[in-house]
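Single-structure report; data block below.
The values are calculated or read from the model by the stated rules, or taken from the named source; none is laboratory data. Computed from a predicted structure; not experimentally measured. FYI the Cβ positions are ideal-geometry reconstructions off the backbone, even for glycines, and counts take in every protein chain you see. The protein model used for the area step is the full one, side chains on, heavy atoms only, and it has no ligands, DNA or RNA in it. Shrake-Rupley method; radii C 1.70, N 1.55, O 1.52, S 1.80 Å.
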Amino acid sequence: MANTPLTPGVVSGRLGSEAYRDNFADKAPPLTAHEAAIAADRCYFCHEAPCVTACPTTIDIPLFIREIATGAPRAAARTIFDQNILGGMCARVCPTEQLCEEACVREVAEGKPVEIGRLQRYATDTLMGEGGHPYTRAAPTGKRIAVVGAGPAGLACAHRLAMKGHEVALFDARPKAGGLNEYGIAAYKTVDGYAQAEVDWLMGIGGITAHNGKALGRDISLDGLKGEYDAVFLAIGLGGVNALRAEGEEKSHVQDAVDFIAELRQAEDLSTIAVGRNVVVIGGGMTAVDAAVQSKLLGAENVTIVYRRGRDAMSASEEEQHLASSKGVRIVTGAAPLRILGEGAVEAVEFAYTRETEAGLELTDETFKIRADQVFKAIGQQLEGAPEGLELSGRKIAVTGPGRTSLPGIWAGGDCAAGGDDLTVTAVAEGRDAAEDIHATLMGEG
Ligand SMILES: Cc1cc2nc3c(=O)[nH]c(=O)nc-3n(C[C@H](O)[C@H](O)[C@H](O)COP(=O)(O)OP(=O)(O)OC[C@H]3O[C@@H](n4cnc5c(N)ncnc54)[C@H](O)[C@@H]3O)c2cc1C
Ligand code: SF4
């Protein structure tokens, strides 16, 4: 749909080729060896380092920074990958300002943390740039495990299982592996096809057979997998999108933000992606910011994020909000959509101001309209297609400990499982930990 301008305002090719290239260039370019040495030198190599505790994958941060400081970036990369096999992607996408760098003693003391994320990228890029795969597999165990979903959780689980000598079948509904690394993360955070390059590198361990284009519930069933494999790990993410529940949601050019971002991420040529002149994004999380910023970078003139509560309640971090503002995105808070207006295609959105009461958030009678020729809905994703019989906790798959579901032999992790933040690094940690538990269980060590 995006390539077909239905209204004059939503068109592709708003910018010249140079502008697309500049706008979507690497958000945080890699450090040179010299810059990395200087950045590493700032680390105090703390004993019981708070940065490690703040990392969901508990990478030994002072150790890898010391390895960089002593001129051994390959050893540093091994230290990172031992804990987080997607350490390269996490170096690019982790909200470090809310995790390791927020906890860094130099942030606390001086407001300027050690650049842990950029140092991690320096180390992982160095080792991955040499090609080959740094790990070898243990002797074959004869066990076969199905991993469903090839996003960060599934990939981390598959790699750890393969390393322990198991045979892994990795199923994914999409044509490419990578999950949101490939279809969701903002384009300027992971440039030059890094997501697929990382998947290829990870698969270099061997013992993992990818079955792309195979969906659980359509092409494969949980009962079938249980019969054929010794264990199953579910890592299907959150494929559903919450409804806006505003009148006129069906009008053309009202789109789910995640679909727009996936289309953008898969585009060979960004000038083919149509974008409005006046774009309104509804939501307050990372997806809302990413849709808004990328609309602006594609050449939209006016982009407004509208969120129903205050800025403090936005799940997009302060840094992301700042990024949006720095790109000229306007953020309006305390307003909720009432109606999408327009004849066939959207022309404006009517909002009501909200107020917090003891009974919850209420709409007031005070309303306003924002002109819009394109609207992105970014009000959260939800679990879709969870197999029957699995106990849920809230709206996600209930798990105990390292991803054990209510059904024996079935584990789950990443965004689809209850508990933990919806972040790439958390998904990696959960995939890795479930793999350890599956291994211990199958080998009678658990
Ligand atoms: C727009 C957007 C931007 C984000 N940006 C960031 C960021 O900058 N930093 C960050 O840390 N986090 C970010 N996140 C969150 C992060 O991407 C997720 O937390 C992470 O990808 C979760 O990993 P996962 O493996 O659980 O799920 P996913 O990455 O969603 O992968 C799930 C996989 O399962 C497959 N699947 C789904 N259903 C089926 C089925 N029935 N059968 C077979 N396969 C199936 C899907 O095709 C997909 O490949 C972002 C999320 C979004 C939506
Ligand atoms: S908290 Fe900061 S200074 Fe201390 S080890 Fe971690 S990165 Fe280095």
- Task: Using only C-alpha positions, report the orientation-averaged shadow area of the convex hull of the chain, nm², one decimal.
- Result: 22.9 nm²
- Query: Cross-link partners among lysines for Lys377, C-alpha distance below 26 Å, same-chain residues fewer than 8 apart left out?
  - Reply: Lys27, Lys176, Lys189, Lys251, Lys296, Lys327, Lys369, Lys396
- Task: With unit charges on the beta carbon (Lys/Arg positive, Asp/Glu negative), name the residue among Ala40, Ile61, Ile85 whose Cα is farthest towards the positive pole of the charge dipole of the stretch 33-128.
- Result: Ile85
- Query: Tell me, what is the per residue accessible area of the chain in Å², probe radius 1.4 Å?
  - Reply: 43 Å²
- Message: Which one, Ala139, Gly178, Ala153, projects farthest toward the positive side of the charge dipole computed for the stretch 133-192 from Cβ point charges (K/R +1, D/E -1)?
- Response: Ala139
- Message: Explain nothing, just the number: dipole magnitude of the stretch 184-289 about its Cα centre with +1 on each Lys and Arg Cβ and -1 on each Asp and Glu Cβ, in debye rounded to the nearest 20.
- Response: 260 debye
- Note on the structure: Calculated from DSSP helices alone, with each H run of at least 4 adding -39500 (n - 2.57) and the total divided by the residues of the chain, [θ]222 nm to the nearest 500 comes to -10000 deg cm²/dmol
- Task: Enter the accessible area of Tyr183 (Å², nearest 10), with the probe set to 1.4 Å and all protein chains included.
- Result: 20 Å²
- Task: Would you list, by chain and number, the lysines whose Cα falls below 20 Å from the Cα of Lys164, excluding same-chain residues fewer than 8 positions away?
- Result: Lys143
- Classify the stretch 216-368 as rounded, prolate or oblate, taking a ≥ b ≥ c as the square roots of the eigenvalues of its Cα gyration tensor: rounded when a/c is under 1.5, otherwise prolate if a/b is larger than b/c and oblate if not. prolate
- Query: Placing +1 at every Lys and Arg Cβ and -1 at every Asp and Glu Cβ, with all other atoms neutral, what dipole size does the stretch 33-128 have around its Cα centre, in debye to the nearest 20?
  - Reply: 240 debye
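Out of all Cα-Cα pairs in the stretch 33-128, roughly what percent, to the nearest whole number, are more than 16 Å apart? Could the numbers behind the result be given before it?
On the way: 2105 of 4560 pairs.
Counting pairs separated by more than 16 Å, the tail of P(r) holds 46 percent.
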- Dipole in debye (nearest 20) - the chain, about Cα centre, beta carbon charges: Lys, Arg +1; Asp, Glu -1: 400 debye
